[in-house]
Structures are given as structure tokens and as C-alpha cells.
């Protein structure tokens, strides 16, 4: 073993390994390298007590293995949200209620949907919706919301009445 390695505190090397595993974990987000980082921290604690290098490596391997087998599945349940929550992005807009800003026809119009202004068109030919009317988003066609008249149960109670013209 080189003199510079033998003379430096071994626990610092384990801390360095834990940091390296942590950096790799930030790029993978799989929690595997996080468990290895935790194992390296356990080995750093053991190295601080003065136990030999072979025991440090053995304790690192056992503790990292235990973390992977016992802690990682539990942590994955709390980190990954597969199957939880509602649809997002374009799919999340379908079924939402929007407010007509500019008259909506089967060709053009503008609505306010979830705080954003969207181009819109009516679902059925010949339908028109005046400003202030509430509509439901049936689908998204490119960047255009396809809308139909909102059903009474979709209409919130706290809306201001539409402006009179």
C-alpha cells in the first residue's frame, strides 16, 4: 500500500466514496446508489474506530446489501408515484371546465383553462358559446381545446356572473 494512502485517514476515503455514490444517484434516481452511499457511510464510521481495511470492506458490503434488500423497496414505494394522482399535461386538461373568453365556434375561439388561455373550437358543427359561458374540454387537438357545453354539476358556485353586453 502506498505511503500516502496508509497515512491518510481511511474514513475520509469512505466519505469520498459516499459522495461519489450520491452524485451517481442524482443522475439515476433509482435509489441503488443511495443505498451504496449509506453503506459507505457505515464503513466510514467503522473506519473511524480503527478497524482494519478488510473488515471495513466486509462491513460496507453487508450493510449496503442490507440497505438494498430492506430499505430500498420501502423507499421506492414512497418515491415513485406510479398509479397515483391524476393525469397530467394534455391528458389532465380533458374533462376540465373552462371559461369562454372569446366567442367559440366550430372553427375558432378562446377559453381560459386551468389559468391559461387556450385556442378552442366547439365539438359539434354549428355550436357557439358566448364569452363567460362555461364549457367542458372533450379533447385536445394539437394546441386547441375541443369543448362542449358544461353540465350543471360542473358549474362552480363561486363564479361571477358573465359580463352583460
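Each value in this text was obtained by applying a stated rule to the coordinates, not by laboratory testing. Given the structure is predicted, the values throughout are model-derived calculations rather than measurements. Cβ: placed from backbone, ideal geometry, glycine included. Neighbour counts: every protein chain shown.
Highest mean packing first, where packing is the average number of other Cβ atoms within 10 Å per residue, the peptides 46-58, 66-78 line up as 46-58, 66-78.
Please report 26, 35 as a ranked list, fewest other C-beta atoms within 10 angstrom at the top and most at the bottom.
26, 35
Order by neighbour count: 97, 148, fewest other Cβ atoms within 10 Å first, most last.
Fewest-to-most Cβ neighbours within 10 Å comes out as 148, 97.
Hey, how many Å between the Cα centroid of region 27-60 and the Cα centroid of region 87-115? Here the answer is 53 Å between Cα centres.
Each residue, residue 79 and residue 45, gets one label point 7 Å from its Cα in the Cβ direction; the gap between the two is 2.0 nm. Shown for 30, 136: other C-beta atoms within 10 Å of each C-beta, ranked fewest to most, produce the order 30, 136.
For the listed peptides 18-25, 111-118, a ranking on the average number of other beta carbons within 10 Å per residue, highest first, reads 18-25, 111-118. Only Cα pairs under 8 Å and 6+ residues apart enter the sum, and on that basis the relative contact order of region 3-79 stands at 31 percent.
For residue 130 and residue 26 in one chain, what is 0.36 nm times their gap in residues minus the Cα-Cα distance, to one decimal in nm?
Working: separation 104, 0.36 × 104 = 37.44 nm, distance 5.00 nm.
This chain segment gains 32.4 nm when fully extended.
The modelled label-to-label distance between residue 149 and residue 66, using points 7 Å beyond Cα along the C-beta direction, is 6.8 nm. First check a/c for region 89-154, with a ≥ b ≥ c the square roots of the eigenvalues of its C-alpha gyration tensor; if it is under 1.5, answer rounded, and if not, answer prolate when a/b is larger than b/c or oblate otherwise. Rounded, since a/c falls under 1.5.
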